[in-house]
Amino acid sequence: MKIIPNFAQFFQSSLAVGKFTEFKLALKSLPVGAHHFEFHLGKEFFVNMESADVHDADLTVNLDVVHKNDAYDMTFAITGTVTLICDRCLDNLVMPMEAEYHVTVEYGDDYNDETDDLLIIPQSDNYLNVAYMIYDTVALAIPIKHVHPLGKCNRAMSAVLKKHRATPAGAGPDADMSLEEALIDEMDGMEPDADTDDAPEQPSDPRWDELKKLKDNN
């Protein structure tokens with residue numbers, strides 16, 4: 001499970017200085033036995049990680065560490081929600097999150113993370129920063145495609161996207177309709193909300209502005 005390359009270099013960089021100190025575990029000071037740690041992840045954590053996908057979060061991380069002589073068995077359990085951007089309508093997509101990760105940490109001559117379930121750290125390291133493990137666990141639990149459930153996309157935005165979506169080369173008028181097209185057609189046929197006309201005017205969204213430019217140019 002390696003998303004951030006060169007872990008050691010990353011946490012020695014200026015990006016990490018002072019931003020992830022709460023995730024440092026004093027491994028060499030932990031007595032033999034079981035220990036529990038809890039962290040909260042919000043928007044700031046993912047901003048500091050320079051995450052392109054996660055725009056907000058409300059996550060709880062429960063970390064259980066069992067110190068067995070020269071080994072540390074770590075189990076991460078992460079629950080809560082992350083806010084992404086829907087690939088289809090560009091609105092916020094709040095996604096439930098439930099993920100786990102287990103790894104054994106041991107001391108050795110040099111840093112080695114070649115396997116997913118064993119991490120070797122140098123004898124000179126008194127601390128282990130688990131921020132990157134937590135970030136990787138969340139990132140791997142997020143699906144590649146970020147879309148609202150059927151019928152939950154922003155209807156107006158999807159209608160504009162449908163108008164300006166390019167027709168694939170060679171596709172005839174009788175080509176099979178994709179799931180995305182079926183969803184957009186369904187949303188186009190929905191009645192607008194009853195209180196739309198009376199709703200107060202909302203601030204302009206730059207994503208809408210770009211799509212309106214496309215519409216106006218046509």
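The values are calculated or read from the model by the stated rules, or taken from the named source; none is laboratory data. Keep in mind that this is a model prediction, so the values were computed, not measured. Please note: Cβ atoms are built from the backbone with ideal geometry, for glycine as well, and neighbour counts cover all protein chains shown. These accessible areas exclude ligands, DNA and RNA; they are computed on the full protein's heavy atoms, side chains included. Shrake-Rupley method; radii C 1.70, N 1.55, O 1.52, S 1.80 Å.
May I ask you to list the GluC sites (Glu not before Pro) in segment 28-94 that are in a DSSP loop and have at most 12 other Cβ atoms within 10 Å of their Cβ? The partial results should precede the final answer.
Values: sites: GLU38, GLU44, GLU50; in loops: GLU50.
Taking segment 28-94 and a limit of 12 other Cβ atoms within 10 Å, the loop GluC sites (Glu not before Pro) found are GLU50.
Solvent-accessible surface of protein heavy atoms, probed at 1.4 angstrom with all chains present, puts THR104, THR60 in the order THR60, THR104, largest first.
Dividing the alpha-carbon Rg of segment 45-115 by 2.2 N^0.38 Å yields what? Intermediate values should be presented prior to the final figure.
Values: Rg = 16.5 Å, N = 71, 2.2 N^0.38 = 11.1 Å.
Normalised Cα radius of gyration, segment 45-115: 1.49.
At 37 °C and 0.692 mPa s, what whole-number value in µm²/s does Stokes-Einstein give for the translational diffusion of segment 70-159, with Rh from the Kirkwood sum over Cα pairs? It diffuses with D of about 209 µm²/s by this estimate.
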